[in-house]
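Chemist: One structure, as structure tokens, below. Some questions next.
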Amino acid sequence: MPHRLSAPTIGRAVLGTATVLFLVIALLLRDDPRWYVAAGTAGVFWTLWDLVWSHVLAPLGRWIVQAFSGGLAGPPPNVRPTLEDTIRLLESHVAGKAARGVQLQAAIRLEEIYRMVKKDPGRARDVIRRMRDRFPDAVELRRYE
């Protein structure tokens, strides 16, 4: 698999090559200390490039991408229905023109919510009574007798 060219790879290659090249020239031309200085400077820049890229440029780039893609908006909003939303939905199924099975299941869930969560046994009994009046032959309501 070929190595992918990227900004950090290109920077490392250029500065690493310059360091080695200046060092070779300095060793061949022993009388000129400027080549040693050039090799040292390129080596320092090579190290700084890695540090700056790893700790500044790459994190900043990720932050910018997140900012423009909507990733900084925080956690996703809570779209789960509340207990009151659930009660309204179930009440609308019980009172509406939903299918018989949907009405019966909604009534059973509503009875459980009124009895166990809301601690209102009167409303729980009322829901079951309404369903019994509407569907006297409902097998699902036998356990409430």
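Chemist: Just to confirm the filter: which trypsin sites (Lys or Arg not before Pro) across region 44-145 are DSSP coil and have at most 14 other Cβ within 10 angstrom of their Cβ?
Modeler: 97, 118, 119
Chemist: Let me spell out the model: positive unit charges on the Cβ of Lys and Arg, negative unit charges on the Cβ of Asp and Glu, origin at the Cα centre of the chain. What dipole size does that give, in debye rounded to 20?
Modeler: 740
Chemist: Next question, about the same structure. At R0 = 35 Å, how high is the FRET efficiency between residue 62 and residue 32 if r is their beta carbon distance? Nearest 0.05 is fine.
Modeler: Working from the Cβ atoms, E equals 0.20.
Chemist: In deg cm²/dmol and to the nearest 500, what is the mean residue ellipticity at 222 nm of the chain if only DSSP H runs of at least 4 residues count, each as -39500 (n - 2.57), divided by the residue total?
Modeler: After summing the helix terms and dividing by residue count, I get -21000 deg cm²/dmol.
Chemist: Of the options 8, 18, 93, report the single residue whose Cα projects farthest towards the positive end of the charge dipole of the chain (beta-carbon charges: Lys, Arg +1; Asp, Glu -1).
Modeler: Farthest towards the positive pole: 93.
Chemist: If I fit a long axis through the Cα atoms of helix 121-134 and take the longest principal axis of the Cα atoms of the chain, what angle between them do I get, 0 to 90°, rounded to 10?
Modeler: Once rounded, one gets 70 degrees.
Chemist: If you line up the long axis of helix 7-28 against the longest principal axis of the chain, both from Cα atoms, how many degrees apart are they, to the nearest 10?
Modeler: 20
Chemist: Given that compact globular proteins tend to follow 2.2 N^0.38 Å, what is the ratio of the alpha-carbon Rg of region 83-144 to that value?
Modeler: 1.01
Chemist: Helix 100-112: angle to the longest alpha-carbon principal axis of the chain, degrees 0 to 90, nearest 10?
Modeler: So the helix axis and the longest Cα principal axis differ by about 80 degrees.
Chemist: Just to confirm my numbers, what's the Cα centroid distance between region 23-38 and region 72-145 in Å?
Modeler: 87
Chemist: Same structure, new question: In nm², what is the average projected area of the convex hull enclosing the Cα atoms of the chain?
Modeler: For the Cα atoms of the chain, the hull's average projected area reads 18.1 nm².
Chemist: A further question on this structure: Provide the gained length on full extension for the span residue 5 to residue 24, in nm with one decimal, where the gain is 0.36 nm per separating residue minus the Cα-Cα distance.
Modeler: Here the answer is 4.2 nm.
Just so you know, all these numbers are worked out from the coordinates, no wet-lab data involved. Just so it is clear, the model here is predicted, and its values are computed rather than measured. Cβ: placed from backbone, ideal geometry, glycine included. Neighbour counts: every protein chain shown.
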